[in-house]
1. What is the extension gain from Ala65 to Leu31, computed as 0.36 nm multiplied by their sequence separation minus the C-alpha to C-alpha distance, in nm to one decimal?
2. For the pair Thr24/Leu10, report the inter-label distance in nm, with labels modelled 7 Å from Cα in the Cβ direction.
3. Out of Ser5, Trp35, Thr24, whose Cα points farthest toward the positive end of the dipole of segment 1-59 (charges: +1 Lys, Arg; -1 Asp, Glu; placed on Cβ)?
4. Once you've got the GNM for the chain with C-alpha springs shorter than 10 Å, pick whichever of Lys55, Lys28, Lys13 has the biggest mean-square fluctuation.
5. Mind checking the log10 I(q)/I(0) for segment 3-97 at q = 0.10, 0.12, 0.24 Å⁻¹? Debye, one equal scatterer per Cα, no solvent, two decimals.
6. In whole Å, what is the distance between the alpha-carbon centres of segment 58-99 and segment 26-41?
7. Could you pull out every residue, at least 5 positions away or on a different chain, whose amide H is within less than 5 Å of the one on Val58? Hs are placed 1.01 Å off N in the peptide plane, and Pro or chain starts have none.
8. Projecting each Cα onto the charge dipole of segment 3-97 (Lys/Arg +1, Asp/Glu -1 at the beta carbon, about the Cα centre), which of Asn14, Tyr85, Gly70 comes out farthest on the positive side?
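Where a number appears in this text, it was derived from the coordinates with a stated rule and is not lab data. In this text, all values refer to a predicted model and were calculated from it rather than measured experimentally. FYI the Cβ positions are ideal-geometry reconstructions off the backbone, even for glycines, and counts take in every protein chain you see.
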Amino acid sequence: MKSISLQDYLQIKNKVRTIDVRTTMEVKTLLKFDWAENIYVSDLIDNFDYYFKDKNEVIITVCNAGNRSGQAADFLENQGYLNAYVLDGGIYNYYRKVK
């Protein structure tokens with residue numbers, strides 16, 4: 001799994017595709033990124049051809065702490081999306097250090 005540091009993500013977050021892989025309920029009730037798409041990890045895996053077309057696109061996957069987003073980034077990389085990364089420490093780390 002490839003990861004991206006919080007510092008690097010802050011510099012590129014407006015230029016990349018950020019995908020929150022948590023459930024809809026988690027996104028509604030927990031801290032979130034307003035700019036992130038919500039695609040639950042199992043839906044991402046089951047339907048990745050629907051959601052992803054450009055294998056050169058830079059994709060950052062996020063979740064609470066990085067576990068499910070790591071699974072999603074690994075899956076995408078295995079499908080040929082070589083610019084898929086997981087955000088180090090997840091959303092909680094972002095809000096702990098940035099907000």
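1. Separation in residues times 0.36 nm, less the Cα-Cα distance, equals 11.1 nm.
2. 3.4
3. Checked the options; the winner is Ser5.
4. The residue that fluctuates most here is Lys28.
5. Reported log10 I(q)/I(0), two decimals: -0.21, -0.31, -1.32.
6. Centre-to-centre (Cα) distance: 12 Å.
7. Arg17
8. In segment 3-97, that residue is Asn14.
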